[in-house]
Amino acid sequence: MRINQLVLFTILISLFACNKNEPRKPIQRRTASFFKESIEENKRTNAIEEEEIERIIALDSLKNYESSPFGFWFTYENKVENLSETPKSEDVVVFNYEIKNLYGEIIYSAEEIGDQKLIIDKRDAIQGLNEGLKMMHEGEIITFIFPSFMAYGLNLQKEDERIGQKQPLIYKVELKSIIKNNQK
């Protein structure tokens, strides 16, 4: 009889405990004005970064920088004039690179990073690097200047003390080889 009372008591407690099922209220509501303010802040940030990048490019008069349709700038350190193909989606590329801030201070050296493998368009790299690699031929070395929205932007999950949020970056990239998707 004692077991039946214990089972009945457990069932009653469970019923009453589940009776107060209320949805949680959001901590913060995002309004249309919040999004509008955020868009305006991003436009201001992008304009400031673009001015600074253009100033840095103007100071480097020995190189010819081009702008890409993706919003970054690049210059060839070693241009390869051949008929080899550039990497396409899902091709594997082997490359090395170094990362600098806009003032030329090395954040990560090529030796520290080492050779890297990347599957194009598989989100293993920042957007700027992925797009930049797709325009390279084997053996080329290109210096890219990525505004923050093409680098890490506001990525709060990135735990890197050397690269800050909203930080434009300079990548010097050497493409060593391309392994075409159909050869895998």
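The numbers here are math on the coordinates, done by the rules we state, and not lab data. Since the structure is predicted, the reported quantities are computational estimates derived from the model, not experimental observations. Every residue, glycine as well, gets a Cβ built from its backbone with ideal geometry; the counts of neighbours run over all protein chains shown.
Things to note:
- For the stretch 66-184, convex hull of alpha carbons as volume per residue, Å³: 108
- For residue 36 and residue 161, the difference between the fully extended length at 0.36 nm per residue and the C-alpha to C-alpha distance is 42.0 nm.
- Annotated for the stretch 52-168: lysine pairs at least 8 residues apart or interchain, Cα distance under 16 Å, count 9.
- Spin-label proximity, residue 122 to the stretch 65-101 - amide N less than 18 Å from point 7 Å beyond Cα toward beta carbon: 87-96
- Shown in residue order for the stretch 173-179 are the 3J(HN,Hα) couplings computed by the Karplus curve 6.51 cos²θ - 1.76 cosθ + 1.60 at θ = phi - 60°: 10, 10, 8, 8, 7, 10, 10 Hz (x for Gly and Pro).
- In the stretch 66-184, Cα pairs under 8 Å separated by at least six residues give a relative contact order of 36 percent.
- Whole-Hz couplings from phi, Karplus 6.51/-1.76/1.60, listed for the stretch 117-132; x for Gly and Pro: 10, 9, 8, 4, 6, 9, 6, 8, 9, 5, 4, x, 5, 4, 5, x
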